[in-house]
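Inspection log for the structure reproduced underneath, given as structure tokens.
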Amino acid sequence: MDIVNPAVSDYLLTHCTPADDLLRELAAETREAFPEAAGMQVSHDEGELLTLLTRLAGARRVVEVGVFTGYSSICIARGMPADGHLLACDVSDAWTAIARRYWKRAGLEDRIELRVAPALDTLRALPADPVLDLAFIDADKVSYPLYYEEMVTRLRPGGLLILDNVLYGGEVLCPGPPGTGHAAVRQVNETIVGDPRVESVMLPVRDGVTLARKR
Ligand SMILES: C[S@@+](CC[C@H](N)C(=O)[O-])C[C@H]1O[C@@H](n2cnc3c(N)ncnc32)[C@H](O)[C@@H]1O
């Protein structure tokens, strides 16, 4: 299912602040190095949304789950002040090797700390204090409900949680087989909409982006 008409999608891409040379190069290198996986990268309009939201939230303490080759990390880190800290979680050394290289070239390596390990372990090892300003979830869909719970408890009041792929290609309209990413995304969507701890909205940006602000 096209969430947004493809012609409108193209128009959206050409009507946001354009990607600079570094982001264009990162996207091209990712396509070249990992053609099968390159579609996982956030699109540029979504990247700009991340930069804007990070900046608008004044976010300094940020966690990202799902780095891949680092496009979304760069977009988030560019929205943070110079003393901001982004904890970036992923399980792949190969994909994040590219990310590290581009973070350095972007002059952001001091703001981004990479943790290569299952993100749930990383999140559960964080202090329980609600100090996070912003969190972005874009990793294995089957764990979304667990990531949500670990993140929402650690967000400060007024902190913002952003989840990608919440429309799951439109499949969320129907129930999915238990234990699948499809079912997990539907589950987290229901949890969020009924969760008194947050106020939320789901945007039809690309594959669907939820913004949930902790009360
Ligand atoms: C959709 S991609 C992230 C795309 C990235 N946000 C970007 O803009 O390029 C999902 C990433 O989640 C990672 N991932 C999958 N399972 C994970 C896990 N259990 N813990 C941490 N990362 C995981 C994958 O290695 C992959 O890099």
query = Out of curiosity, is residue 109 closer than 30 Å to residue 174 by Cα and surrounded by 14 or more Cβ atoms within 10 Å (Cβ to Cβ)?
reply = no
ask   = Within the stretch 89-114, which residues are of a type outside the set (Gly, Ala, Ser) and in contact with a helix residue (DSSP H, G or I) (Cβ under 8 Å, 6 or more places away or on another chain)?
value = 89, 90, 91, 98, 102, 103, 105, 108, 109, 111, 112, 114
message = Cβ-Cβ distance below 8 Å, separation of 6 or more or different chains: which pairs start in the stretch 198-215 with a residue that is buried (at least 20 other Cβ atoms within 10 Å of the Cβ) and end on one that is in a strand (DSSP E or B) and of a type in the set (Phe, Trp, Tyr)?
response = none
key: Filtered residues of the stretch 35-89 (kept if more than 9 Å from the ligand (Cβ to nearest atom), charged (D, E, K, R) and touching a residue at least 40 places away in the same chain (Cβ under 8 Å))   = 45, 60, 61
inquiry  = Residues that are among the aliphatic types (A, V, I, L, M), part of a helix (DSSP H, G or I), in contact with a helix residue (DSSP H, G or I) (Cβ under 9 Å, 6 or more places away or on another chain) and farther than 22 Å from residue 91 by Cα: does the stretch 190-206 have at least one?
reply    = yes
message = For the condition modelled with pLDDT of 95 or more and in contact with a Gly (Cβ under 9 Å, 6 or more places away or on another chain), what is the one hit in 117, 88, 94?
response = 88
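The values are calculated or read from the model by the stated rules, or taken from the named source; none is laboratory data. Bear in mind the structure is a predicted one, so any value in this text is a computation, not a measurement. Positions of Cβ are backbone-derived with ideal geometry, glycine not excepted, and every protein chain shown enters the neighbour counts.
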